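The values are calculated or read from the model by the stated rules, or taken from the named source; none is laboratory data. Only a predicted model underlies this, so the values are computations on that prediction, with no experimental measurement involved. Cβ atoms come from the backbone with ideal geometry, glycine included; neighbour counts cover every protein chain shown. Note: accessible area is taken over every heavy atom of the protein model, side chains too, but ligands, DNA and RNA are not part of it. Shrake-Rupley method; radii C 1.70, N 1.55, O 1.52, S 1.80 Å.
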Amino acid sequence: MNETLTGAHILCRALVESGVEVIFGYPGGAIMPFYHALPEYPRLRHILVRHEQAAAHAADGYARAGGRVGVCVATSGPGATNLVTGLATAHMDSSPVVAITGQVARPMIGRDAFQETDIIGITLPITKQSYLVQEASELGPIVTEALALAQEGRPGPVLIDVPKDVQNQRAEYSSPPVSRSAKREPGRGGEDGVGKAARLIAAAKRPLLMVGHGTILSNAYAEVRSLAEKTGMPVITTLLGISAFPDGHPLHLGMPGMHGEVHVNRAIQRADLIVGIGLRFDDRVTGNLAAFAPRAQLVHIDLDRAEIGKNVRPAVGIVGDAKAVTARLVAAVESRSCQPWMEEIQDNRREPVAAFRGDLSPEAILASICEVTRGECTIVTDVGQHQMWVAKLYPYRRPNSHITSGGLGTMGFAVPAAMGVHLARPGETVWAISGDGGFQMNMAEIATMVQEGLTVKMAIFNNGYLGMVRQWQQFFHEKRYSCTPIGSPDYVKLAEAYGIPGYRVKDASELADTVWRANAYPGPALVEFVIEQEANVYPMIPPGGSLSEPIEAEPARVPAD
Ligand SMILES: Cc1ncc(C[n+]2csc(CCOP(=O)(O)OP(=O)(O)O)c2C)c(N)n1
């Protein structure tokens, strides 16, 4: 039955009836009718963040961890523009987020009204779709469509801009049809492509399987594992593909690219076939494209047709959902083994050179977190050196247990995104791992955690520098550490100020006990790890360099007698 409601109520009703349970937001003038209606919809849990950027990251984290759309809300003007970094982050990493923004009233649009900004224009390149709602009667269908669009095909952000007078306008509302679900499209991709790919796999002597975020987005874990095990192909996981394949599996090689292990990049350079599933071969993975995988033919499977041939030209391109196409490929391939090739790769594997002088190494810290949580937690990282250490050193066992801003590389992502992860996976442990720079970008969200009762464990790798930039300055800018030394507040006192436990670890002897205490505390807790200041992430391919030319750590010198 149709009812007459205000646009604000229609917005709330449509969200509730579409199954949305959590929204992250911040009120303001142009979105006030919505906030006025909100208390009448207790099924919508609103999380009041301390900055709209955090609302977008939290919605993104919620979406990535929960496999459903994350929703964020902001007012017009500065509220809306504060969402932009979060939307760009979600766009680059294919995360389904719907942003709802207030807009000035329709008669004021285009007059530089107070807090007016063209948020649709601003976000055009970083959204899949956007709506400037002209009539309250359109709101219900728009909300349903936006939620479906964010998730359909290749996921990404969608924006709904709602003028204030439209929120106050009355219109008829009818519940959305139940059938309009945001189901993934069934896998497409010609049988020809799959058959040809299977023949290439059968003929290859040095094949590699490279898996990216698309395999996580389509839940293709079992299919990828079957493909690897049936063919014996060694598996490489990109930064966003980490945890798509178990780290401890004998076929798992590690991460490729700029900070990939030497044996992984060398395998790529020697491979005669690369089967890439759900990845986009970005520059951090390929290095200098002209020198990338010079001996390899390529099979590229991706849901987004635009990705096929964008960066690398495949011999076979298959447009389709990773899960469905991989399942067909598993059925089409012959069982085989790649033992000699695997041995050749393993011969290049070396023990990691101890790049840390102190014993409070990132490796020790991560081992401690893994041990205390029995490897069952979700790790959310920020951007910088710590992000690379976590990617390379943390032993991921559970699917989709590693969440990071890969494409945009957004510092400040970890803490708010971890709040979203916590809400999507209540009862599970989530650790947000940041550097001292990135942590200071969004540390105000501790207040959100406390007010909303969100249990996030925060680890800060404090090296006193914007570490990754300092490393580039050391390697490529004559060690001129321009504007990279960065001070910090007393994090233990900061935690105290927010009423949560805070710990400082300076020595490995304090590790196990402190991590255990922070993890066991029933609420948010913070641990600062004071690590070596000038430790580097090795190996490293210089930007634009070939995967064949890594900078490696110098072996520790043996002291002369
Ligand atoms: C919002 C944003 N600003 C700047 C950068 C550039 N950047 C990349 S890594 C990095 C340093 C990060 O330092 P920190 O958070 O202390 O982490 P560390 O590298 O020391 O682990 C910077 C400034 C970025 N990625 N994101």
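Observations, loosely collected:
- The stretch 472-491: number of residues that are under 30 Å from Ala518 (Cα atoms) and either within 16 Å of the ligand (Cβ to nearest atom) or surrounded by 15 or more Cβ atoms within 10 Å (Cβ to Cβ) (or both): 7
- Phe439 meets each of the listed conditions (1) within 15 Å of the ligand (Cβ to nearest atom); (2) touching a Cys at 6+ places or on another chain (Cβ under 6 Å) apart from (2).
- Residue in the stretch 114-121 that is part of a helix (DSSP H, G or I), free of Cβ contacts under 8 Å to residues at least 12 places away in the same chain and farther than 24 Å from Val421 by Cβ present: yes
- Qualifying residue in the stretch 88-104 (condition: more than 15 Å from Val158 (Cα to Cα) and outside the structural domain of Glu452 (by TED's automatic domain parsing)): yes
- Selection from the stretch 444-471 of residues that are within 19 Å of the chain's Cα centre (by Cα) and more than 10 Å from the ligand (Cβ to nearest atom): Glu445, Val456, Lys457, Met458, Ala459
- Listed by first and then second residue, the pairs with beta-carbon distance under 8 Å, at least 6 apart or on different chains, first residue in the stretch 212-226 and more than 19 Å from Ile403 (Cα to Cα) and open to solvent by less than 10 Å² (accessible area, probe 1.4 Å), second at pLDDT 95 or above and among the hydrophobic types (A, V, I, L, M, F, W, C), are Val224/Leu209; Val224/Val211; Val224/Val235; Val224/Ala244; Val224/Phe245; Val224/Ile277; Val224/Ala322.
- Qualifying residue in the stretch 63-76 (condition: outside the structural domain of Leu239 (by TED's automatic domain parsing), more than 23 Å from the chain's Cα centre (by Cα) and farther than 20 Å from Glu152 by Cβ): yes
- Identity of the residue in the stretch 515-531, outside any strand (DSSP E or B) and buried (at least 18 other Cβ atoms within 10 Å of the Cβ), that ends up nearest to the chain's Cα centre (by Cα): Pro524
- Pick from the stretch 116-157, criterion out of contact with any Pro (no Cβ under 6 Å at 6 or more places or on another chain), under 19 Å from Gly7 (Cβ atoms) and among the polar types (S, T, N, Q), ranking: most open to solvent (accessible area, probe 1.4 Å): Gln134
- Residue in the stretch 375-387 that is most open to solvent (accessible area, probe 1.4 Å), counting only those that are within 12 Å of the ligand (Cβ to nearest atom) and not in a strand (DSSP E or B): Val383
- For the stretch 421-434, the count of residues that are within 11 Å of the ligand (Cβ to nearest atom) and either farther than 16 Å from Glu528 by Cα or open to solvent by less than 10 Å² (accessible area, probe 1.4 Å) (or both) is at least one.
- Condition check for Gly320: of a type outside the set (Lys, Arg), in contact with a strand residue (DSSP E or B) (Cβ under 9 Å, 6 or more places away or on another chain) and in contact (Cβ under 8 Å) with a residue 60 or more places away in the chain: yes
- Looking at Pro207, Pro246, Pro157, Pro234, just one residue is in the same structural domain as Gly66 (by TED's automatic domain parsing) and either modelled with pLDDT of 95 or more or more than 30 Å from Ala74 (Cα to Cα) (or both), and that residue is Pro157.
- Residue selected from the stretch 393-409 under the condition over 14 Å from Thr429 (Cα atoms), part of a loop (DSSP other than H, G, I, E, B) and open to solvent by 10 Å² or more (accessible area, probe 1.4 Å), by the criterion farthest from the ligand (Cβ to nearest atom): Pro399
- Filter result (in a helix (DSSP H, G or I) and exposed (fewer than 12 other Cβ atoms within 10 Å of the Cβ)) within the stretch 492-514: Lys493, Ser509
- Restricting attention to the stretch 442-467, the residues that are in a helix (DSSP H, G or I) and surrounded by fewer than 22 Cβ atoms within 10 Å (Cβ to Cβ) add up to 4.
- For first residues located in the stretch 231-252 and under 10 Å from Val211 (Cβ atoms) and assigned to a loop (DSSP other than H, G, I, E, B), partners that are open to solvent by less than 10 Å² (accessible area, probe 1.4 Å) and modelled with pLDDT under 95 and lie 6+ apart or on another chain with Cβ distances below 7 Å form the pairs Ile242/Tyr396.
- Boolean, Val390 is surrounded by 23 or more Cβ atoms within 10 Å (Cβ to Cβ), within 16 Å of the ligand (Cβ to nearest atom) and part of a loop (DSSP other than H, G, I, E, B): no
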